[in-house]
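Written out below as structure tokens is the structure these notes cover.
Every number here is computed from the coordinates shown, using simple stated rules; none is lab data. As the structure is a prediction and not an experimental result, all values here were calculated from the model. In this analysis, Cβ positions are derived from the backbone assuming ideal geometry, glycine residues included, and neighbour counts consider all displayed protein chains.
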Amino acid sequence: MRAHSGDRPYACTICDKAFSTSSGLKTHMRTHSGDRPYNCTTCGKTFSESGTLALHMRTHSGDRPYNCSTCGKAFSQASGLLVHTRTHTGDRPYACTICDKAFSKSSNRVTHMRTHTGVRPYACTTCGKAFAKTSNLARHRVQVHGLEQERWRRLVNAPVP
């Protein structure tokens, strides 16, 4: 019943995020500890939640149960279909608060905001040059340092603290 009442008595001692169940807090704590107890038996990738592993398994099985009613394109997750439908509707619900440019995905707005703030959270581990986008860091690592894509993929996914 707590989920419907809004009562959240289980608070994280690290970031103050609160949860209605102790299991919700336990799962959340893995974001701070880095604990990833669920392993993909196909590729070895690890996850902090069993549900995320289940979604990941669709990348190996090819299961794409969500289909666009406009063009028929199929997706492994409902969220992918939702974002895709915006290409047909033109819906761009995520607007920049500074220049009013709008985006169909919130992550694209986050990246765009870095053009205004100057934040560059991704640094090259070889020379220290920082970038606003992981793709720019990846290109830099290949073009400037001659690293192969396989190697830089492991280095790109950790934002600078």
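Data for the structure
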{"read-out": "Filtered residue count, the stretch 94-122, keeping only those that are within 23 Å of residue 55 (Cβ to Cβ) and part of a loop (DSSP other than H, G, I, E, B)", "value": "2"}
{"read-out": "Number of positions in the stretch 15-40 that are more than 29 Å from residue 60 (Cα to Cα) and polar (S, T, N, Q)", "value": "3"}
